[in-house]
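What follows is one structure encoded as structure tokens, with my remarks underneath.
The values are calculated or read from the model by the stated rules, or taken from the named source; none is laboratory data. Because the structure is predicted, anything quoted here is derived from the model rather than measured. No Cβ is skipped: glycine too gets one built from the backbone with ideal geometry, and neighbour counts run over all protein chains shown. Surface accessibility is based on the protein's heavy atoms, side chains included, excluding ligands, DNA and RNA. Shrake-Rupley method; radii C 1.70, N 1.55, O 1.52, S 1.80 Å.
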Amino acid sequence: MPVKKGGTSLKRVPAGVWILGFVSMLMDISSEMVHSLLPLFMVTTLGASALVVGMVEGLAESTALIVKVFSGVLSDYLGKRKGLTVFGYALGALTKPLFAIAPTAGIVLTARLLDRVGKGVRGAPRDALLADLTPAHIRGAAFGLRQSLDTVGAFLGPLLAVGLMLLWANDFRAVFWVAVIPGLASVALLIFGLHEPAHVSSDKRTNPIRSENLRRLTTPYWWVVGVGAVFALARFSEAFLVLRAQQSGVPIALVPLVMVAMSLVYALSAYPFGELSDRVSHRSLLALGLVVLMVADLVLAVDDHWSVILAGVVLWGVHMGITQGLLARMVADTAPADLRGTAYGFFNLVSGIAMLFASVIAGFLWDQWGAAVTFYAGAGFCVVALIGLAWGPGTQHNGI
């Protein structure tokens, strides 16, 4: 990617990007109030094993990513993004009560799948809508800002969960009911606060997955898809960070603070690294992110003392800040504007399959040989990903 001079002012980021960021923030508060407690709820209240937790998390997250391919294609076909985005956020909000009434791990799985279907429906159209709203030269900053605001919700949610757990004597179900409120608020803000750009609409509808359209997704795009898949393998579900924190011996109500720490670091780093991606080599940033994740895995493997776990979690958050907005921006850079929804869909389909395998493998390793082996395996996948980066296309191809 050609290096550009100068920074990006937040004032230049379109208002619609801020709206999408705050919508994401509210939904993440809702979701993380549930997800930060869910592994503990399943293990301590429902009696599930680490393998079951891994399977539930892997199926849930991969479902969200796989569904994105269909919603992305549909948003390209319709030439409209907002309606699908609203539907996805609404479904996510309305599934939260299922967690509060779940008597078994099977019902939790059902709730997680429905919740993640909502995430899948909204994900690709939302990212494509953000790309539609943003000039190309500040796209990295825009994706970084949305990711940063999203992640503010990801640390406020667990923080609220911890406070309510302490206040209500570890009443998981009561906390899950409260999570409904910010979810509904996010839907209202999206409906009334965001206006879709008129140029997205089109009277001419064509099938985005026709062969002649798919051929327009060139080698640099598919390289980004491959890199995203290997990243998903290297970074299994964050539920295992929560389980690792439980082994440190801290009170159960305080365990979700591990997600607060990770998300705080993620939120603080996502925008600066997103803005940096507008000016420096994407390949170099991806490699840096992998090295940071590898170090995080090794730190988490060596000891279960709370201070060591905190250090590993902080590094994990830095990795997320470096890579997640960057990968989303790279998809936008390497795909035609009218196929962005489809491009995000395929990117997330492949990443979803990788995430499923990664979380199931992590759960199996955890049950059979313990937490250390799980994190050592994650570090090994990071090495594989670094080798893959070295074999990718040249750095001058379409922003790579």
* **Residue within the stretch 79-93 that is within 20 Å of Gly157 (Cβ to Cβ) and open to solvent by 40 Å² or more (accessible area, probe 1.4 Å) present** => yes
* Among the residues of the stretch 165-186, count how many are without any contact (Cβ under 8 Å) to a residue 60 or more places away in the chain and buried (at least 19 other Cβ atoms within 10 Å of the Cβ). => 0
* Asked: Where residues in the stretch 38-92 are part of a loop (DSSP other than H, G, I, E, B) and small (Gly, Ala, Ser), which of them is nearest to Leu26 (Cα to Cα)?
  -> Gly79
* Failed item in (1) more than 21 Å from Ala141 (Cβ to Cβ); (2) touching a residue at least 24 places away in the same chain (Cβ under 8 Å); (3) of a type outside the set (Gly, Ala, Ser), with Arg215 passing the rest -> (2)
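With the requirement that a residue be over 30 Å from Val17 (Cβ atoms) and open to solvent by less than 10 Å² (accessible area, probe 1.4 Å), what does the stretch 94-111 give you? Full working, then the answer.
Filtering the stretch 94-111 for residues over 30 Å from Val17 (Cβ atoms) gives 97-111.
Hits for the stretch 94-111 are Phe99, Ala100, Ala102, Val108, Ala111.
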* Structure fact -> Residue set Leu217, Leu190; condition at pLDDT 85 or above and in a loop (DSSP other than H, G, I, E, B); output residue Leu217
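Does the stretch 60-82 hold any residues that are of a type outside the set (Gly, Ala, Ser) and either without any contact (Cβ under 8 Å) to a residue 24 or more places away in the chain or more than 20 Å from Val225 (Cα to Cα) (or both), and which are they? Break it down into steps so the answer makes sense when it comes.
In the first step, residues of the stretch 60-82 are kept if they are of a type outside the set (Gly, Ala, Ser); the result is 61, 63, 65-70, 73-74, 76-78, 80-82.
Selection gives Tyr77, Leu78, Lys80, Arg81, Lys82.
If we keep just the residues of the stretch 144-175 that are of a type in the set (A, V, I, L, M, F, W, C) and under 30 Å from Asp278 (Cβ atoms), which is nearest to the chain's Cα centre (by Cα)?
Of everything passing the filter in the stretch 144-175, Ala154 is nearest to the chain's Cα centre (by Cα).
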* **Qualifying residue in the stretch 254-276 (condition: open to solvent by less than 20 Å² (accessible area, probe 1.4 Å), among the aromatic types (Phe, Trp, Tyr) and over 15 Å from the mean Cα position of the chain (by Cα))** => no
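Limited to the stretch 216-239, what total is found for residues that are of a type in the set (Phe, Trp, Tyr) and surrounded by fewer than 20 Cβ atoms within 10 Å (Cβ to Cβ)? First the steps, then the outcome.
As a first pass, look at the stretch 216-239 and keep what is of a type in the set (Phe, Trp, Tyr): 221-223, 231, 236.
Pick out the ones that are also surrounded by fewer than 20 Cβ atoms within 10 Å (Cβ to Cβ) and you get 222.
Number of matching residues: 1.
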* Could you check Trp223 against (1) of a type outside the set (Ser, Thr, Tyr); (2) out of contact with any Gly (no Cβ under 7 Å at 6 or more places or on another chain); (3) over 20 Å from Phe375 (Cα atoms) and say which number it fails? => (2)
* If you go through the stretch 18-39 one residue at a time, do you hit one that is within 18 Å of Leu194 (Cα to Cα), open to solvent by 50 Å² or more (accessible area, probe 1.4 Å) and touching a residue at least 60 places away in the same chain (Cβ under 8 Å)? -> yes
* To do: Tell me, please, whether a residue that is open to solvent by 10 Å² or more (accessible area, probe 1.4 Å), in contact with a Phe, Trp or Tyr (Cβ under 6 Å, 6 or more places away or on another chain) and either closer than 23 Å to Leu243 by Cα or not acidic (Asp, Glu) (or both) can be found in the stretch 387-394.
  => yes
* Hits in the stretch 62-78 - residues which are of a type in the set (A, V, I, L, M), open to solvent by less than 40 Å² (accessible area, probe 1.4 Å) and in contact with a Lys or Arg (Cβ under 9 Å, 6 or more places away or on another chain) -> Ala64, Leu65, Val67
